[in-house]
Amino acid sequence: MTLLIVQALNGAQLGMLLFLIAAGLTLVFGVMNFVNLAHGVQYMIGAYLGVSFALLTGSFWAGLVLASLTAGAFGLLLEWLIFRHLYKRGELDQVLATFGVILSLNEGTRLIWGSNPLELPMPDLLSGSFQLVEGLRYPVYRVAVMAAGLLVALALALVVNRTRIGMLIRAGASNGPMVSALGVDIMRLFRVVFGVGAMMAGFAGVLAAPLVSVEPGMGENLLILAFVVIVIGGVGSIRGAFVAAVIVGLVDTLGRSLITDAAQAALSGPASARVGPAVASMLIYLVMAAVLAVKPAGLFAART
Amino acid sequence: MKFVVPVAIFVALALIPLLAAVGVHVPGIVTLIASRVMIFALAAMSLDLIMGIGGLPSFGHAAPVAIGAYAVAVCDAAGVQAAAAVIPAALAAAGLFALATGAVALRTRGVNFIMITLAFAQMVYFATGSLADYGGDDGYTLSARTTVFGLDLLDAKRIYLTTLVVLIAVYVLLRVIAASRFGRALAAIRQNRGRVQALGIDAFAIELAALVIAAMIAALAGVLMANQAEFVSPAYAAWGRSGELMVMVILGGLGTLHGAVIGAAIVVLAEEGLGAVTQHWPLVLGPFLVLAVLFFRHGIVGGARR
């Protein structure tokens, strides 16, 4: 039971990280219909910049702010250099070019920071743990990551649902050409969305850095999970991204422990040790397939 | 005229064993790399059937390749090396995989199709990594290569020629498929799905059948790949592999089939060639891809449509 609570919390925390990445990705897809495979790179760059800035300034917090801002600026630079030439192209060209960007940046990272995994120590303020229930302690930092993700989600929901620019973003996601025809500079709107999305992914990278090993290519595993999130949640929907991120985070983390236990109970002997992990690793994809079977456009599709 | 380029490609590939047969010394590394090119070309060609001709941009084509390779490993662990068992197992497994995942993925189009196929390939990647009996993440070393009716057609000496024969046979098969009623319906669906359906053709069934055929050919490439390396690992299903296959098809020229061979040659040679010069070869290949997309729009063969 206590293990279950810990797993649920870890799942929620993974969900928050996924949301930070998927939110930017889903809006970029939604508004510009642009497949940015290189969005995971922003997460990696955020983590690396976080490590470097924290070393440079001696403060995790300064590193967090500087790295997020720099990652956002870097995203805008990529947009200006490469991505803006791709919006009118087919999705295959977009995939190919952003695949090239991933190769370049992963290798560039390896060149600058080396292949060995780096570590970012937790800030002292959050490095402790607290008592969850009798005999079970949980790290404060993971709760802080969850809280940070929730805060960003709330802020984003406020902006998207309550402000003028949010209204334009929503309108852009459901019908871009129409918004453009009404005299809105959709490219400028998009640049804002892209920059914020890149910044959020970078922010997620710094947050995750103390929990994972910072290494080249770390962004792609999360990027593919973020794709699953977007497919489940529906392209262009922040609400969908949030709900789906929590679902994917929980299913992936809880599934791994529950399925393994269930397999052990159902199939005694060595077979269980083999079947359990294999099924558990496939679980989120099966959830995705189930959602698609019922709602091909995802749970909360922006475009009807 | 239509067949000049493909014939030239296959003749060039046949030169290596021919030269060796007349006594010219061909370095082992040349044969090795050329057979890698052909194996990747086989997988890329099958991707071209669905992506170039059918307009279904699969970002998960490494998955059926890996399934084919793992079929070899599973049979090997059971002590079975006969191709008469291994190949049907590989084709059936990959075909069933494509049938199940394709039925789901085909509910969506375009970008979503890309993401979903990528996700299913990632599923195979993690699933193969958790197969403790077959080495898990570390992979599985074959105890022996697959034999064809008792003949060692896949041993280090003969695998080149076998692969070449398979490649040519598959190329001819895909040409026949593309020219058939089925193939033309598939191409028509790419151009205008609604119209095809209005003609009373079941577009979904045709697309699904194309996905299954492509997956089976990819599995065949996987069988060859496993035999060439005598090793199988989850890396066969890694997302980067799927990306490379896409790059091969698009660089070579979508929908041309033989363009996939050229694309495969470029990517494999670039990786091997640059890899010999610098370990940071992706820093060359990556920007090259970006520039190729921005300035060089229709692939090497230039037959790309759309």
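Out of (1) closer than 17 Å to B:A219 by Cβ; (2) crowded, with 17+ Cβ neighbours inside 10 Å, what's the single condition that is false for B:G139?
The one condition B:G139 does not meet is (1).
Which number in (1) free of Cβ contacts under 8 Å to residues at least 12 places away in the same chain; (2) away from chain B (no Cβ under 14 Å); (3) in contact with a Gly (Cβ under 9 Å, 6 or more places away or on another chain) marks the one condition that A:V160 misses?
Exception for A:V160: condition (1).
Looking for whichever is among the basic types (K, R), surrounded by fewer than 21 Cβ atoms within 10 Å (Cβ to Cβ) and under 26 Å from A:T109 (Cβ atoms) here; the options are A:R239, A:R170, A:R191, A:R256. Which one fits?
Exactly one residue qualifies, and that residue is A:R191.
Going by what's in this entry, would B:V249 be described as in a helix (DSSP H, G or I), open to solvent by 20 Å² or more (accessible area, probe 1.4 Å) and within 11 Å of chain A (Cβ to nearest Cβ)?
no
Considering (1) open to solvent by 10 Å² or more (accessible area, probe 1.4 Å); (2) free of Cβ contacts under 8 Å to residues at least 40 places away in the same chain, say which one B:Y236 fails and leave the rest.
Only one criterion in (1) open to solvent by 10 Å² or more (accessible area, probe 1.4 Å); (2) free of Cβ contacts under 8 Å to residues at least 40 places away in the same chain is unmet by B:Y236, namely (2).
Within the stretch A:65-100, work out how many residues are assigned to a helix (DSSP H, G or I) and at the interface with chain B (Cβ under 7 Å from one of its Cβ atoms).
Within the stretch A:65-100, the first condition is being assigned to a helix (DSSP H, G or I), and the residues that meet it are A:65-81, A:83-85, A:91-100.
Filter once more, keeping what is at the interface with chain B (Cβ under 7 Å from one of its Cβ atoms): A:85, A:91-93, A:95-97, A:99-100.
Of the residues in the stretch A:65-100, 9 are assigned to a helix (DSSP H, G or I) and at the interface with chain B (Cβ under 7 Å from one of its Cβ atoms).
Within the stretch B:150-166, can one find any residue that is within 14 Å of chain A (Cβ to nearest Cβ) and touching a Pro at 6+ places or on another chain (Cβ under 7 Å)?
no
Considering the stretch B:95-110 alone, what residues qualify as being open to solvent by 50 Å² or more (accessible area, probe 1.4 Å), closer than 18 Å to B:T128 by Cβ and either of a type in the set (V, I, T) or at the interface with chain A (Cβ under 10 Å from one of its Cβ atoms) (or both)?
Our first condition is that a residue be open to solvent by 50 Å² or more (accessible area, probe 1.4 Å); within the stretch B:95-110, this holds for B:96, B:99-100, B:107, B:109.
Imposing the further condition that a residue be closer than 18 Å to B:T128 by Cβ reduces the set to B:96, B:100.
Residue satisfying the conditions is B:A100 alone.
For B:G255, state whether it is open to solvent by less than 20 Å² (accessible area, probe 1.4 Å), within 13 Å of chain A (Cβ to nearest Cβ) and not in a loop (DSSP other than H, G, I, E, B).
No.
In the stretch B:219-248, what residues are aromatic (F, W, Y) and within 21 Å of A:M282 (Cα to Cα)?
Selection gives B:Y236, B:W239.
Residue by residue through the stretch A:136-157, note down the ones that are in contact (Cβ under 8 Å) with a residue 60 or more places away in the chain and not in a helix (DSSP H, G or I).
A:L136, A:Y138
Here are some conditions: (1) free of Cβ contacts under 8 Å to residues at least 40 places away in the same chain; (2) surrounded by 21 or more Cβ atoms within 10 Å (Cβ to Cβ). A:G75 meets all but one. Which one does it not meet?
A:G75 satisfies every listed condition except (1).
Mind checking which residues of the stretch A:101-130 are open to solvent by less than 20 Å² (accessible area, probe 1.4 Å) and either more than 8 Å from every other protein chain (Cβ to nearest Cβ) or at positive phi (or both)?
The answer is A:T109, A:L120, A:P123.
Quick check: anything in the stretch A:273-284 more than 10 Å from every other protein chain (Cβ to nearest Cβ) and either in contact (Cβ under 8 Å) with a residue 40 or more places away in the chain or over 19 Å from the mean Cα position of the chain (by Cα) (or both)?
no
Could you identify the single residue in B:M45, B:M51 that is at pLDDT 90 or above, crowded, with 17+ Cβ neighbours inside 10 Å, hydrophobic (A, V, I, L, M, F, W, C) and closer than 21 Å to B:V223 by Cα?
Every option except B:M45 fails the conditions.
If you check every pair at least six apart or on different chains, which have Cβ atoms under 9 Å apart with a residue in the stretch A:241-268 that is closer than 17 Å to A:A290 by Cα first and a residue that is at pLDDT below 80 and open to solvent by 20 Å² or more (accessible area, probe 1.4 Å) second?
A:G255/A:V279
Could you grab me the full set of residues in the stretch B:176-222 that are under 30 Å from B:R36 (Cα atoms), of a type in the set (D, E, K, R) and open to solvent by 60 Å² or more (accessible area, probe 1.4 Å)?
Once the filter is applied, which keeps residues that are under 30 Å from B:R36 (Cα atoms), of a type in the set (D, E, K, R) and open to solvent by 60 Å² or more (accessible area, probe 1.4 Å), the stretch B:176-222 yields nothing.
List, please: which pairs have Cβ atoms under 6 Å, are six or more places apart or on different chains, and start with a residue in the stretch B:165-179 that is within 14 Å of B:K2 (Cβ to Cβ) and end with one that is open to solvent by less than 70 Å² (accessible area, probe 1.4 Å)?
Listed by first residue and then by second, the contacts come to B:A178/B:I53.
Of B:A41, B:A98, which residue is of a type in the set (A, V, I, L, M, F, W, C), touching a Leu at 6+ places or on another chain (Cβ under 7 Å) and within 30 Å of A:K295 (Cβ to Cβ)?
Sole residue among the options that is of a type in the set (A, V, I, L, M, F, W, C), touching a Leu at 6+ places or on another chain (Cβ under 7 Å) and within 30 Å of A:K295 (Cβ to Cβ): B:A98.
Going through B:A119, B:A92 one at a time, which residue ends up being open to solvent by 10 Å² or more (accessible area, probe 1.4 Å) and either more than 7 Å from chain A (Cβ to nearest Cβ) or in contact with a helix residue (DSSP H, G or I) (Cβ under 7 Å, 6 or more places away or on another chain) (or both)?
After applying the criteria, what remains is B:A92.
Can you find a residue that is hydroxyl-bearing (S, T, Y) and modelled with pLDDT of 90 or more anywhere in the stretch A:118-140? Step through it out loud before you land on a result.
First, pick out the residues of the stretch A:118-140 that are hydroxyl-bearing (S, T, Y): A:127, A:129, A:138.
Next, from what is left, pick out any that are modelled with pLDDT of 90 or more: none.
Taking every residue of the stretch A:118-140 in turn, none turns out to be hydroxyl-bearing (S, T, Y) and modelled with pLDDT of 90 or more.
The values are calculated or read from the model by the stated rules, or taken from the named source; none is laboratory data. Fair warning: this is a prediction, and the values are worked out from it, not measured in the lab. For neighbour counting, all protein chains shown are included, and Cβ atoms are generated from backbone atoms with ideal geometry for every residue, glycine included. The protein model used for the area step is the full one, side chains on, heavy atoms only, and it has no ligands, DNA or RNA in it. Shrake-Rupley method; radii C 1.70, N 1.55, O 1.52, S 1.80 Å.
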